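Chemist: Can you keep this structure in mind? I'll have questions shortly.
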Amino acid sequence: MPHVNRHGFVKLFAVLSVLLVIAALVLPWKFWIEKKLASILEARGFHNVHLAISTLGLSSITFKNISVGGDKPLTLEDVTIGYSLSDVWQGDVSALAINGLGITLYRHNNQWAIAGLENWSNNKTNASIPVTLDQLAYIPLSSIKLENSSIHIISDGGEVDIPFQFTWQKTPIPKLTTQVKSLTFKMHGIEINTGEISFDVTLHEGDKQWDGAWQIKDIIAKGDATPMPVMEGKGVLSAQTEHASLLGGMKSADSGYNANFSMEYALNTPEKSLFTLTDATMPWNSGTLSVHDVKIPLSGKYATEVNLKVQHASIDALMQMLTGKHASATGVVSGTIPITIEADGSITFHEGSLKAEEPGTISMAPDAIPGDNEQVAVVRNVLKNLHYTHFSIAVDSHRGNQLSVLLVLEGNNPDVYEGRPVKMNVHLTGDLLNIIQQSVMPFMNPQQLLK
């Protein structure tokens, strides 16, 4: 996002307006004032400025129908600037009330830009956050209030409108509050709906940082993937001079789905910014899937390494998935499967295994095992009712996104071959990756979760 002088626009707009109030009260120069303000703002780097004065007086001035910029303008329904005449000559105003602010945020020259302000103040000085009262003194406002406003974000992944309201006060203690009544957006085939979102932050001057809390209610995710229950999120956030951080978690009412994460953002060295999925768990096939300590850089395109931990998953559900519902089984498996998630969202399974926790049985339909020779016939007979003492599933990815699954079995079928013990490897191959993605990826793809 281009650097913007932190108070220049507000101060310039406010002071120029107030200095013309007295003349406007005495002379019928309203139209002239509107044109003069627009020309001054355009001379300072703003383009296609349109505004109209609604009311003006000795303590405030209100503008309406303001727009700045061309194709995607920054718009405001009305702006009221409060002031006292004794402060005008110091360049100070007391309050700013904005109704109907419309901001469009989009990618411009490989950077984030605010529509209508692309070409204003391109100086490259480092960005910083004021963390003391002295640093806040330059702001010519005691309070700011935004109502009925919205941010429209355009990214490669989709678009979203965020309706919000915002309040800020400088005295007695600097504090800001942001509220979003609800939010809906679609991205990568998933629709996200939320209830109220809130951020409350207060300056702690002794620590030279802002501290606060955030909360999101009634998070609902819909899409082609595994459906998820309603979730809620909450956590804390802080900001220092050149660094901001956010910590928290989200979970369902029964805590079956939960995730804890942190995000560190460096204002002037974004390449050091990092999102960490500390831990996350979800139900899967009567067991659970979980990941831990997944690190995702927020700048650049990098592959993400994930160790997917499976605990107490139903062998019956797995066998039905792997064989197209041509097999049934008892027992549960646990284990770990390493996965690489590429920057484009594609995944690769590395060598991993799941093992049964105790003996059980497998029954596989004969037509699930192709072939017509004596060895295949033996396998079919044994797997009609195999009582296993050892069961493991080894998975790996091969060329063409083909998922390879090797079943390693030990046990016996009491109905054939006099119940003699057998050992066998059953090698299953096929384009099963899409099945796994639909079932698992909504949880285990941290980049999708982050989006």
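The values are calculated or read from the model by the stated rules, or taken from the named source; none is laboratory data. Only a predicted model underlies this, so the values are computations on that prediction, with no experimental measurement involved. All Cβ positions, even for glycine, are placed from backbone atoms using ideal geometry, and neighbour counts span all protein chains on display. Keep in mind that these areas ignore ligands, DNA and RNA; they rest on the heavy atoms of the full protein, side chains included. Shrake-Rupley method; radii C 1.70, N 1.55, O 1.52, S 1.80 Å.
Chemist: Of everything in region 154-184, what is touching a residue at least 24 places away in the same chain (Cβ under 8 Å), among the hydrophobic types (A, V, I, L, M, F, W, C) and open to solvent by 40 Å² or more (accessible area, probe 1.4 Å)? Give them in sequence order.
Modeler: If the condition is that a residue be touching a residue at least 24 places away in the same chain (Cβ under 8 Å), among the hydrophobic types (A, V, I, L, M, F, W, C) and open to solvent by 40 Å² or more (accessible area, probe 1.4 Å), then I154, I173, L176 are the ones that fit.
Chemist: Would you check which residues across region 260-280 are of a type in the set (G, A, S) and either closer than 14 Å to I216 by Cα or over 16 Å from the mean Cα position of the chain (by Cα) (or both) and list them?
Modeler: Within region 260-280, A266 is the sole residue that qualifies.
Chemist: Quick one: is T304 at pLDDT 90 or above, out of contact with any Leu (no Cβ under 8 Å at 6 or more places or on another chain), surrounded by 15 or more Cβ atoms within 10 Å (Cβ to Cβ) and of a type in the set (S, T, Y)?
Modeler: The answer is no for T304.
Chemist: Going by what's in this entry, would S149 be described as part of a strand (DSSP E or B), modelled with pLDDT of 85 or more and more than 21 Å from V236 (Cβ to Cβ)?
Modeler: It is true that S149 is part of a strand (DSSP E or B), modelled with pLDDT of 85 or more and more than 21 Å from V236 (Cβ to Cβ).
Chemist: Then there's this: Can you go through V395, V408, V376 and tell me which one is more than 47 Å from the chain's Cα centre (by Cα) and among the hydrophobic types (A, V, I, L, M, F, W, C)?
Modeler: V376
Chemist: May I pose another question? For E232, indicate whether it is part of a strand (DSSP E or B) and farther than 27 Å from E351 by Cα.
Modeler: Considered against the rule, which asks whether it is part of a strand (DSSP E or B) and farther than 27 Å from E351 by Cα, E232 comes out as yes.
Chemist: Of the conditions (1) in contact (Cβ under 8 Å) with a residue 24 or more places away in the chain; (2) surrounded by fewer than 16 Cβ atoms within 10 Å (Cβ to Cβ), D293 fails just one. Which one is it?
Modeler: That leaves (1) as the condition not met.
Chemist: Tally up the residues in region 281-336 that are over 19 Å from the mean Cα position of the chain (by Cα) and of a type in the set (A, V, I, L, M), please.
Modeler: 14
Chemist: Condition first: of a type in the set (A, V, I, L, M, F, W, C) and surrounded by 17 or more Cβ atoms within 10 Å (Cβ to Cβ). Now tell me which residues in region 214-253 satisfy that.
Modeler: W214, I216, I219, A221, A225, M228, M231, L237, A239, A244, L246, M250
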